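To keep things clear, I will list the structure first and then write my remarks on it.
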Amino acid sequence: MMSLWNALPGAVSQGLIWGIMAIGVYLTYRILDIADLTVDGSLCTGGAVCIMMMLGGCNVWLAMFAALLAGMATGLATGFLHTFMGIPAILAGILTQLGLYSINLKTMGKANQAINVDKFDLLVSLRFTKNVPFYKNTILIVALLIIVLIVFLYWFFGTELGCSLRATGCNDKMARAQGINTDLSRVLGLMISNGLVALSGALLTQYQGFADINMGRGAIVIGLAAVIIGEAVFGRIFHNFGFRLLGVALGSIIYYLVLQFVIWLGIDTDLLKLLSAVVVAIFLAIPTWKSRYFSKPVRKGGSTVRVSKDNPRSVGKKEERADA
Amino acid sequence: MLEVKNISKTFNPGTVNEKQALRDLSLTLADGDFVTVIGGNGAGKSTLLNAIAGTWQVDEGKIIIDGMDVTKLSEYKRAAFLGRVFQDPMNGTAATMGIEENLALALRRGHRRTLKQGIANSERKLYRDLLAKLNLGLENRLTSKVGLLSGGQRQALTLLMATLEKPKLLLLDEHTAALDPKTAAKVLETTETIVNQDHLTTLMITHNMKDAIQIGNRLIMMNEGQIIYDVSGEEKKRLKVEDLLHKFAEASGGAFANDRMMLAK
């Protein structure tokens, strides 16, 4: 029991750091209605850029800012493939992700780069989760960072430009009819999302003390898990857009707490990714199952039809989407 | 106001599904014209509206709105000149956004979207007044999600959005077809009120021949991607549904109007 208790601060810190990534996933998945697989690559890009700059003697904030910009560039690449070249979003993301593998390797020079917390002035670290002055505590710092990001995103998605992004994701036909450049909206959304993901990667690298070429593998699944958990747990109480983003970050914490618990139970850690995939798959299936097996049949025009708005794919998903 | 010059459009060229939807079609609308468009299934009515709106590029011909050649302009750029209402009530609004947010998006049609607040406080009074005129009780539900509204309410709202920033041309693509008769009548009434008060140049597709005759100052009938009948003024007012059916049978070489047109008789 004690070991579980001791592992908690670590789980919370990791949850918070991945929470930033999950917020990025939320923006593309829920607001733009794109499943963006770029994140598996851009997470590592953020980590690679951050660690190489810091090893080169750069200030931690500057390194993180550079990671953010690098992440936005990856989003730009996917957006370009998707809009200008007309490649389906999911494939565009996969292509960028694959390309990023090489770029990340070249950035780091090898598959793994370590950074020593004693020699470099890191913002967050495994070591800063307990027995440090409160202002150095990783949980506090990342929590503050998340709040700043949420406030920024809340503001942005309330602006004219932000509203046009939301309209694009909700109904792009309507958006174009209202004079919105939907291609630009998508590219912009992908850039913001991947910028956040890379920032999360930069923090994760500092936290674990190394960047690894495989650190982003399956990141999209963790992101989706956090989004789904956040919505399942807080969906009914959080209606405001800002709070929904907070719900996603909290969902990420819950994910890591559960993970920690499962590890503590002694499950073979090799199976963890399989477990995550199965759990996320089931949660993603719920809206479809709900409409297929649990919708109320109603009489309409003499024949029995099932209630389902829009097309089946979007049932229960679009209707619950963000508001600001 | 609108000049459509010799436009043609073929879908899926070179395949078994090849379909010439518009054939060398020309149409000129004067300022303030309210034109109703009728025709059978696949006559090219919606295709004509989509060509004007820029959903895709035409193969040949020119489209000029208010003296400006928009043939090569993308859909979202042309939107600055156009107000559009679609047949499906789901298409015209953003369901997950509030009523006022939808209106605010529409108010900015044709303007650059900046980092200013998406809805200025001063706009809300305007929205409330305009919604009150619709008589649907929406004026007190500014922040309600549009997804919660009925089809008729959504069409009325879309109509308001299409005309909020006065368009040079209003395109209505069977915008009452998906509504029940009572709601359809109401939306149509609202349409006439708005068009008359703002003196809007309008193209309205309808499958209801009675409406087509009663509403507007000009009527065109389409068949196989061409305009086969164009009537306006007094002559249009004297038209009867039977005349149109006859005209249609004549032009299409005996093949009769589609079921909906028959039912609308």
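No lab work stands behind these numbers, since they all come straight from the coordinates. Since the model is a prediction, treat every value here as computed from it, not as a measurement. With ideal geometry, Cβ positions are generated from the backbone for all residues, glycine too; neighbour counts draw on all protein chains shown.
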### Summary
Summing +1 per Lys or Arg and -1 per Asp or Glu among the other residues with Cβ less than 15 Å from B:Asp69's Cβ gives +3
### Per-pair calculated FRET efficiency, R0 = 35 Å: B:Gln57 and A:Ser102 via Cβ, rounded to 0.05
0.40
### Message
Nearest 500 deg cm²/dmol is fine: what mean residue ellipticity at 222 nm does chain B get from its DSSP H runs of n ≥ 4 alone, each adding -39,500 (n - 2.57), divided by its residue count?
### Response
-10500 deg cm²/dmol
### Net charge dipole size for the protein assembly as shown [Lys, Arg +1 and Asp, Glu -1 on Cβ; Debye, nearest 20]
1000
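When A:Tyr101, A:Tyr26, A:Tyr135, B:Tyr76 are ordered from fewest to most other Cβ atoms inside 10 Å of their Cβ, what list results?
A:Tyr135, A:Tyr101, B:Tyr76, A:Tyr26
Taking each residue of B:114-122 in turn, how many C-beta atoms of other protein chains fall within 10 Å of its C-beta, and what is the average?
Other-chain Cβ atoms within 10 Å of each residue's Cβ, averaged: 4.
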### Task
Filter the DSSP H helices in chain A by two things, a Kyte-Doolittle mean of at least 1.0 and an axial alpha-carbon span of 20 angstrom or more, and list the hits by number.
A:2-26, A:39-55, A:60-79, A:89-108, A:138-156, A:219-234, A:241-264, A:272-293
## Note on the structure
Long-range amide H partners of B:Asp24, meaning residues 5 or more apart or on another chain whose placed amide H is closer than 5 Å, are B:Ser8, B:Lys9
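So how many Å³ per residue does the convex hull of the Cα atoms of the stretch B:63-120 work out to? Numbers along the way, then the final one.
Values: hull volume 6.5 nm³, N = 58.
Spelled out: Cα convex hull of the stretch B:63-120, divided by residues, is 112 Å³.
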#### Entry: For B:Arg84, residues with placed amide H under 5 Å, excluding near neighbours
B:Leu171
### Query
If you take the Cα atoms of the protein assembly as shown, find Rg, then find the Kirkwood Rh from the mean of 1/r over all pairs, what is Rg/Rh?
1.06
### Task
Within 10 Å of each Cβ in peptide B:80-90, how many partner chain Cβ atoms are there on average? Round it to a whole number, please.
2
## Note on the structure
Sorted by chain and number, the residues with a modelled amide H under 5 Å from that of B:Leu136, at a separation of 5 or more or across chains, are none
### Hull volume in cubic angstrom per residue (convex hull over the Cα atoms of chain B)
140
### Query
Rounded, prolate or oblate: which fits the stretch A:169-304 when a ≥ b ≥ c are the square roots of the eigenvalues of the alpha-carbon gyration tensor, with rounded for a/c under 1.5 and prolate only if a/b beats b/c?
oblate
### Query
For the stretch A:67-166, which trypsin sites (Lys or Arg not before Pro) are in a loop by DSSP, counting at most 15 other Cβ atoms within 10 Å?
A:Lys110, A:Lys119, A:Lys130
### Task
Go through A:Leu153, B:Asn223, B:Thr202 and say which Cα lies farthest out towards the positive end of the charge dipole of the protein assembly as shown; charges sit on Cβ, +1 for Lys and Arg, -1 for Asp and Glu.
A:Leu153
### Query
Using +1 on the beta carbon of Lys and Arg, -1 on that of Asp and Glu, and nothing else charged, what's the dipole of the stretch A:2-272 about the Cα centre, debye to 20?
240
### Rounded to 5, the percent of DSSP beta bridges in the protein assembly as shown classed as antiparallel
65
### Query
So how many Lys-Lys pairs in the stretch A:2-272 land under 27 Å Cα to Cα, not counting same-chain pairs under 8 apart?
4
### Query
For the stretch A:45-111, what class follows from the C-alpha gyration tensor (a ≥ b ≥ c being the square roots of its eigenvalues): rounded when a/c is under 1.5, otherwise prolate if a/b is larger than b/c, else oblate?
oblate
### Query
Which trypsin sites (Lys or Arg not before Pro) from the stretch A:198-253 combine a DSSP loop assignment with at most 10 other Cβ atoms within 10 Å?
A:Arg236
#### Entry: Label-point gap, in nm, between B:Lys5 and B:Ala177 - each point 7 angstrom along Cα→Cβ
3.1
### Message
Averaging the inverse of every distinct alpha carbon separation and then flipping it gives the Kirkwood radius. What is it for chain A, in angstrom units?
### Response
20.4
### Query
If you stretched the chain out fully between A:Trp61 and A:Ala114, how much longer would it get, using 0.36 nm times the residue separation minus the C-alpha to C-alpha distance?
17.3 nm
### Message
Can you tell me which of A:Leu275, A:Leu68, A:Leu105 moves the most in a GNM of chain A? Springs connect C-alpha atoms under 10 Å apart.
### Response
A:Leu275
### Query
Most fluctuating residue of B:Leu130, B:Leu169, B:Leu82 in a GNM of chain B with Cα springs under 10 Å: which is it?
B:Leu130
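Please give the calculated 222 nm ellipticity per residue for chain A, where each DSSP H segment of at least 4 residues contributes -39500 (n - 2.57) and the sum is spread over every residue; nearest 500 deg cm²/dmol?
Only helices count here, giving -22000 deg cm²/dmol.
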## Note on the structure
Note, B:Asn6: beta-carbon cut-off 10 Å, +1 each Lys/Arg, -1 each Asp/Glu, net +1
